[in-house]
Amino acid sequence: MAQPVIQTSFNAGEWAPALNARVDLTKYHAGAALLRNFFVDYRGGATARPGTRYICATKDTNTVRLIPFQASFTVSYILEFGNGYVRFINNGAQVLSGFVPYEIASPYTSANLAQLKFAQNIDTLVICHPDFPPYLLRLITATNWTLAPIVFGSTITPPPGPTVATTLAAGTVSYAYIVTSVDSSGQESAISTYATLSAKTDLRITAGTNTVSWPAVSGATSYNIYKAEPSYAGAIPAGSAFGFVGNVTGTDYIDSNVAPDFSQGPPIVQNPFSGSGVSSVTVTNPGSYGFSGPEAVPTVTLSGGGGSGASATAVLGVTSATVPLTGANGYAIGDTITVTGVPGLVLTVNGEISSYIYSVAVTSPGALTVGSTPANPVSQATTSGFGIGAFFNLIWGVTDVNIASPGVNYGAAPAVVFSGGAATATATLGAASSGNPTVPGFFQQRLVLAGPSASPQQFNMSQTGAYFNFDIHSPLEASDAIQGVLVSGQLNTIKALIPQPQGLIILSDKQAWLLNGGAPGTVVTPSSLVANSQAYNGSSDQPPIVANDHVLYVQSKGSIVRDLVFNFYSQVYTGTDISVLSSHLFYGHTITEWAWCEEPFKIMWAIRDDGILLSLTFLKEQELIAWAHTDTQGNFESLASITETVASGAVDALYVVVDRIVNGVAVKYIERFAELYYPEGLTDAWSVDCALQYNGAAELDFTGAAHLAAEEVTGLATDDTGVVSVIAPFTMSVGGTFSLPAPPSPATGYTRVTVGLAFTPQLQTLALDTNEPTIQGKMKTIPAVTLRVHETLGLEIGKTFDTLVAMKDLVVGNVGSATNERVTDLVTSDAMTRLDPSWTVPGQYCIQQSNPFPASILGVIPQLSVGDTLK
């Protein structure tokens with residue numbers, strides 16, 4: 001007599017054939033031989049996957065990649081990166097500018113897309129690629145996005161041309177000061193040029209004051225002043241040490257013998273990713289400007305050298321002054337004079353005749369960075385003596401050149417060309433970097449850029465809270481930028497960065513590392529940085545997925561999916577192979593892209609290199625690791641998930657790019673997986689692919705499906721009395737118009753029509769086993785099977801897919817054997833069907849959904865009879 005045997009779930013997913021003899025494993029009894037277009041519900045059942053909704057065609061048929069952009073819980077976009085462009089999708093529709101898709105230019109070709117890696121911080125997306133400098137994609141409004149290379153460095157510019165005036169008498173001591181700007185975010189600029197004094201008495205032993213002055217800088221909230229040790233050996237040389245002496249909010253600083261604090265040095269500007277850039281420009285001939293009339297500050301062009309992007313600005317200062325002998329009197333040698341309209345210029349009387357000025361020397365040249373030189377002659381503004389009435393003719397020259405951008409990839413120093421005035425200068429290159437970073441991430445308020453092509457073990461961290469500033473100080477400060485290298489016996493190419501409570505997980509192609517300040521959760525600083533190796537299983541290029549506290553990644557040696565989790569007892573990250581029970585889905589293939597959809601079903605979706613879509617239901621705390629696979633009439637090419645709010649609540653919406661052949665032409669469509677949510681029953685079902693839906697007044701004629709031209713389609717139609725029927729398969733017209741036959745009276749037309757491409761969910765059970773004593777190898781018959789289903793209709797069942805019969809308990813109009821009620825809509829109950837009573841050894845059976853209906857199989861209860869011997 002047949003006895004019922006229950007399989008309570010499919011929590012082990014699609015079982016690898018190589019494990020078919022492992023009936024000793026507990027998970028065997030929760031597996032399936034085939035889960036095609038089914039996925040495992042995290043509560044245990046096997047559910048037919050949803051269909052997809054057609055969103056749009058891609059711009060062209062070149063390779064595209066979908067990238068998620070989640071600015072907040074309620075603001076999300078799917079980015080369509082294509083061949084030289086980016087388009088945007090929001091809430092299931094293309095973002096339009098007027099009546100056309102909004103689009104911005106991109107530097108990436110289709111061939112570059114697979115190597116893009118990205119990290120997001122609210123409204124900005126940092127994008128890395130080995131052949132490009134890091135880019136920043138920024139959301140301003142839905143139809144206003146920017147994509148540009150990151151400008152590294154401080155957000156504030158240094159003060160141009162600071163000067164210093166003094167009350168000190170002539171002597172043998174030289175002084176030098178530098179000034180930096182500080183903005184509202186606390187970022188400090190690069191240093192200014194030196195403000196110098198020479199041949200003066202020693203301020204440390206002689207009372208006096210040096211007054212440092214500079215032009216105001218737009219955006220500066222204060223200024224830091226640094227001072228070198230006074231020198232008895234001549235001018236302060238370039239590269240000298242400077243110590244902090246003060247911070248002011250104005251544009252003058254008075255030094256009355258403040259000792260410099262060399263424990264607080266000025267910033268050292270560095271860009272670890274610039275390639276060879278211009279580090280400085282030295283003026284070799286200042287030229288001559290402004291004597292015959294006002295002259296504009298010359299522009300500076302840096303050209304040649306094989307690189308790009310370097311730019312600089314000129315600073316004009318007064319190089320000499322002459323004195324028209326008219327009307328001036330009351331002057332003495334040594335008097336200092338400032339001039340009207342020329343900030344920072346200081347002249348000293350060198351010679352006089354009966355209190356008339358005969359000659360002056362330029363003590364401080366002043367600084368002019370914009371505009372034009374003043375017309376000669378210019379008048380005295382103030383003097384240290386009693387003279388009045390002096391005028392001067394000024395001759396200007398280029399006294400300094402400020403680097404606005406160092407540029408990148410110079411093989412030789414570029415030529416420096418001024419727009420006029422005969423000035424000349426030479427450029428000097430800085431040290432070359434290790435190339436473009438390939439992996440971005442954020443950790444402890446720092447931007448981390450890692451894996452430059454020429455030093456794949458290297459990582460660089462920005463200043464704390466200043467994501468694009470990689471400057472340091474001498475000596476180092478805790479908030480300074482950090483550069484480090486993974487030290488290992490083999491070259492480790494960094495593949496991914498994942499911030500975790502214990503520190504920053506760095507995945508390389510050889511192993512996993514944990515980087516922190518020396519203990520789990522501690523802060524990293526330039527002087528407190530430790531990277532310890534963890535699991536010795538390398539990662540591929542696919543970005544890891546963080547599911548709760550587990551990190552999922554594709555192993556570098558083949559398509560093996562592993563998880564990584566912190567072990568609080570051993571204090572290291574360890575993991576397991578979570579693809580071993582379904583290894584047949586991976587062997588000989590690679591994973592090209594994947595995405596995590598936590599809600600509502602806790603599924604990771606992954607595209608295989610042959611266009612098959614894999615699903616992993618992952619709920620590790622319940623020991624639920626279940627793989628299945630999905631196909632469609634075409635190949636899956638790309639995917640991404642974002643959070644969207646729909647009728648059922650907040651969900652992680654899955655978008656895919658599918659390569660299809662439509663009307664004999666290759667196309668690429670962007671589609672969105674529909675919701676499995678049926679508040680109104682079967683009419684809410686969406687179980688066809690690349691589909692569109694009509695909702696409105698009763699109609700028989702429909703338009704708008706040209707994207708399905710000449711393809712066989714099916715779907716569901718709900719008439720105006722609420723009756724739902726299957727649309728008999730038909731070939732869509734080339735123009736996308738179609739008509740449905742009139743429904744039975746009293747209905748007059750259809751108020752909801754969902755039409756698209758069919759797909760077939762199939763499930764096959766494993767060979768039956770009832771534990772000890774084993775029934776493996778024995779003849780078995782299954783005369784009937786009961787399915788426990790949820791919101792299901794229209795399944796077929798049989799011992800093979802060639803011998804399927806309709807499950808009568810799941811046919812509208814029939815009376816359910818378990819409920820004794822007529823089936824009118826989706827069924828949540830038991831459904832029993834009698835099968836061919838033939839005997840087989842495996843004792844397997846097959847279930848198929850041939851209609852565009854939902855199906856969720858919670859468990860299976862076959863009636864089993866076992867023979868004694870093989871026959």
With the structure loaded, tell me whether K808 is open to solvent by 20 Å² or more (accessible area, probe 1.4 Å) and in contact (Cβ under 8 Å) with a residue 24 or more places away in the chain or whether it fails that test. yes
Those residues that are hydroxyl-bearing (S, T, Y) and either in a loop (DSSP other than H, G, I, E, B) or open to solvent by 20 Å² or more (accessible area, probe 1.4 Å) (or both), I need them from the stretch 751-770; list them, please. T751, T760, T765, T770
Residue tally, condition part of a strand (DSSP E or B) and open to solvent by 20 Å² or more (accessible area, probe 1.4 Å), over the stretch 584-605: 4
Scan of the stretch 528-552 for residues that are open to solvent by 40 Å² or more (accessible area, probe 1.4 Å), assigned to a loop (DSSP other than H, G, I, E, B) and of a type in the set (A, V, I, L, M), ordered by number: L529
Would you mind stating whether T703 is hydroxyl-bearing (S, T, Y), out of contact with any Leu (no Cβ under 6 Å at 6 or more places or on another chain) and either exposed (fewer than 15 other Cβ atoms within 10 Å of the Cβ) or modelled with pLDDT under 95 (or both)? yes
Filter the stretch 507-539 down to the residues that are under 22 Å from L476 (Cβ atoms) and either hydrophobic (A, V, I, L, M, F, W, C) or in contact with a Gly (Cβ under 6 Å, 6 or more places away or on another chain) (or both) and list them by number. L515, N516, A519, V523, V524, S528, L529, V530, A531
Run A784 past the list (1) out of contact with any strand residue (DSSP E or B) (no Cβ under 7 Å at 6 or more places or on another chain); (2) over 30 Å from L700 (Cβ atoms); (3) of a type outside the set (V, I, T) and report the number of the one that doesn't hold. (1)
Of the residues S311, S279, which single one is modelled with pLDDT under 90, touching a Pro at 6+ places or on another chain (Cβ under 8 Å), in a strand (DSSP E or B) and open to solvent by 20 Å² or more (accessible area, probe 1.4 Å)? S279
Count - residues of the stretch 812-838 that are surrounded by fewer than 16 Cβ atoms within 10 Å (Cβ to Cβ) and among the hydrophobic types (A, V, I, L, M, F, W, C): 2
Among the candidates E791, E772, single out the residue that is within 49 Å of the chain's Cα centre (by Cα) and not hydroxyl-bearing (S, T, Y). E791
L514 fails exactly one of (1) under 19 Å from P437 (Cα atoms); (2) outside any loop (DSSP other than H, G, I, E, B), namely (1)
Being open to solvent by less than 20 Å² (accessible area, probe 1.4 Å), under 30 Å from A413 (Cβ atoms) and either in contact (Cβ under 8 Å) with a residue 60 or more places away in the chain or not in a strand (DSSP E or B) (or both), is that true of even one residue in the stretch 213-224? yes
For the stretch 473-496, name all the residues that are within 19 Å of S540 (Cβ to Cβ), open to solvent by 20 Å² or more (accessible area, probe 1.4 Å) and either assigned to a strand (DSSP E or B) or touching a Gly at 6+ places or on another chain (Cβ under 7 Å) (or both). T493, K495
Would a scan of the stretch 553-561 turn up a residue that is open to solvent by 10 Å² or more (accessible area, probe 1.4 Å), over 27 Å from G51 (Cα atoms) and assigned to a strand (DSSP E or B)? yes
Taking the stretch 626-649 on its own, how many of its residues are at pLDDT below 95 and of a type outside the set (S, T, N, Q)? 3
Checklist (1) open to solvent by 40 Å² or more (accessible area, probe 1.4 Å); (2) within 30 Å of T301 (Cα to Cα); (3) modelled with pLDDT of 85 or more applied to V416, failing item: (1)
For the stretch 314-343, which positions are open to solvent by 50 Å² or more (accessible area, probe 1.4 Å), assigned to a loop (DSSP other than H, G, I, E, B) and not hydrophobic (A, V, I, L, M, F, W, C)? T326, G327, T340, G341, P343
Could we say that G435 is farther than 14 Å from I268 by Cα and without any contact (Cβ under 8 Å) to a residue 12 or more places away in the chain here? no
From the list P743, P679, which one is open to solvent by less than 60 Å² (accessible area, probe 1.4 Å) and not in a strand (DSSP E or B)? P743
Considering only residues of the stretch 845-871 that are at pLDDT 90 or above, open to solvent by less than 50 Å² (accessible area, probe 1.4 Å) and not in a strand (DSSP E or B), which is farthest from N771 (Cα to Cα)? P852
I'd like to check something: does the stretch 554-577 contain any residue that is without any contact (Cβ under 8 Å) to a residue 12 or more places away in the chain and of a type in the set (S, T, Y)? yes
Tell me the strands (runs of 3 or more DSSP E) entirely within the stretch 36-124 that contain at least 3 residues that are more than 23 Å from V646 (Cα to Cα), open to solvent by less than 10 Å² (accessible area, probe 1.4 Å) and touching a residue at least 24 places away in the same chain (Cβ under 8 Å). none
Got at least one residue in the stretch 196-208 being in a strand (DSSP E or B), over 23 Å from V370 (Cα atoms) and touching a residue at least 40 places away in the same chain (Cβ under 8 Å)? no
Please list, ordered by first then second residue, the pairs with beta carbon atoms under 9 Å, 6 or more apart or interchain, first in the stretch 609-633 and among the basic types (K, R), second assigned to a loop (DSSP other than H, G, I, E, B). K620/N548; K620/D549; K620/I578
Using the structure shown, decide if G246 is open to solvent by less than 30 Å² (accessible area, probe 1.4 Å), more than 30 Å from V448 (Cα to Cα) and without any contact (Cβ under 8 Å) to a residue 40 or more places away in the chain. yes
Qualifying positions in the stretch 360-408 - surrounded by 15 or more Cβ atoms within 10 Å (Cβ to Cβ) and free of Cβ contacts under 8 Å to residues at least 40 places away in the same chain: V360, V378
Let me confirm something: among G186, G246, which residue is of a type in the set (G, A, S) and either out of contact with any Phe, Trp or Tyr (no Cβ under 7 Å at 6 or more places or on another chain) or in a loop (DSSP other than H, G, I, E, B) (or both)? G186
Restricting attention to the stretch 665-676, which residues are in contact with a Lys or Arg (Cβ under 7 Å, 6 or more places away or on another chain) and either open to solvent by 40 Å² or more (accessible area, probe 1.4 Å) or farther than 14 Å from Q633 by Cα (or both)? R672, A674
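The values are calculated or read from the model by the stated rules, or taken from the named source; none is laboratory data. If you're wondering where the values come from, they're calculated on a predicted model, not measured in any experiment. Because the Cβ atoms are built from the backbone with ideal geometry, glycine has one as well, and the counts that use them run over all protein chains shown. To get the accessible areas, we keep the full protein, side chains included, count just its heavy atoms, and leave off ligands, DNA and RNA. Shrake-Rupley method; radii C 1.70, N 1.55, O 1.52, S 1.80 Å.
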